[in-house]
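A.B. asks: Can you keep this structure in mind? I'll have questions shortly.
Just so you know, all these numbers are worked out from the coordinates, no wet-lab data involved. These figures come from a predicted structure and were not determined experimentally. Quick reminder, even Gly has a Cβ in these numbers, built from the backbone with ideal geometry, and neighbours come from all protein chains shown.
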Ligand code: ZN
């Protein structure tokens with residue numbers, strides 16, 4: 001297993017829709033193992049294949065909720081059913097989000113409180129998770145990555161402007177920029 005470099009906003013793989021996984025073979029199994037290791041090293045609560053430069057529809061997640069339940073797994077070719085997010089402005093204490101592909105920053109964003117995930121696991125078995133709260137947010141964030149959408153794309157003024165400023169200042173927003181968990185001092 002290996003920790004993989006994480007692509008930063010501007011790399012085309014992050015801004016294009018990913019392709020369905022056709023077969024769960026050794027290559028996919030190795031990718032998933034590397035993604036778990038990368039997610040844990042970052043550290044992050046989710047990681048989508050495009051973030052490590054692979055345009056396939058799968059993501060890993062790992063999170064412990066307030067009751068101590070441990071959520072950890074991989075979602076291959078996921079479908080996600082959500083209701084529209086509630087109207088109004090996000091509560092910055094409860095609804096701020098970050099991304100390993102826009103590291104070191106957080107912005108408020110409204111998400112649906114509930115999301116129904118249907119996906120395939122590494123054994124090829126289908127599963128379903130009825131997620132609420134933060135887990136629902138993780139699924140929405142990771143699912144967006146598979147459609148080439150970053151959470152920063154969902155922000156509105158003035159946050160969009162701040163994102164553009166940071167992107168310019170740090171030399172992001174172009175192909176081939178990445179960071180290495182455990183090596184570069186950044187966090188999502
Ligand atoms: Zn992300």
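A.B. asks: So, in the stretch 36-72, of the ones that are within 12 Å of the ligand (Cβ to nearest atom) and in a loop (DSSP other than H, G, I, E, B), which residue ends up farthest from residue 9 (Cα to Cα)?
C.D. replies: 45
A.B. asks: Which one of the conditions (1) more than 15 Å from the ligand (Cβ to nearest atom); (2) in a loop (DSSP other than H, G, I, E, B); (3) surrounded by 14 or more Cβ atoms within 10 Å (Cβ to Cβ) does residue 182 fail to meet, given that it meets all the rest?
C.D. replies: (3) is the only condition that residue 182 fails.
A.B. asks: Could you please find all residues in the stretch 96-145 being away from the ligand (no atom under 12 Å from the Cβ), part of a loop (DSSP other than H, G, I, E, B) and in contact with a helix residue (DSSP H, G or I) (Cβ under 8 Å, 6 or more places away or on another chain)?
C.D. replies: 111, 112, 113, 122
A.B. asks: Identify, from the list 122, 116, 100, the residue that is within 28 Å of residue 33 (Cα to Cα) and crowded, with 18+ Cβ neighbours inside 10 Å. Spell out how you get there, then give the answer.
C.D. replies: Details: 122 fails: crowded, with 18+ Cβ neighbours inside 10 Å; 116 fails: crowded, with 18+ Cβ neighbours inside 10 Å.
From the options 122, 116, 100, the qualifying one is 100.
A.B. asks: Could you figure out which of (1) assigned to a helix (DSSP H, G or I); (2) out of contact with any strand residue (DSSP E or B) (no Cβ under 6 Å at 6 or more places or on another chain); (3) surrounded by 15 or more Cβ atoms within 10 Å (Cβ to Cβ) isn't true of residue 29?
C.D. replies: Among (1) assigned to a helix (DSSP H, G or I); (2) out of contact with any strand residue (DSSP E or B) (no Cβ under 6 Å at 6 or more places or on another chain); (3) surrounded by 15 or more Cβ atoms within 10 Å (Cβ to Cβ), the lone unmet condition for residue 29 is (3).
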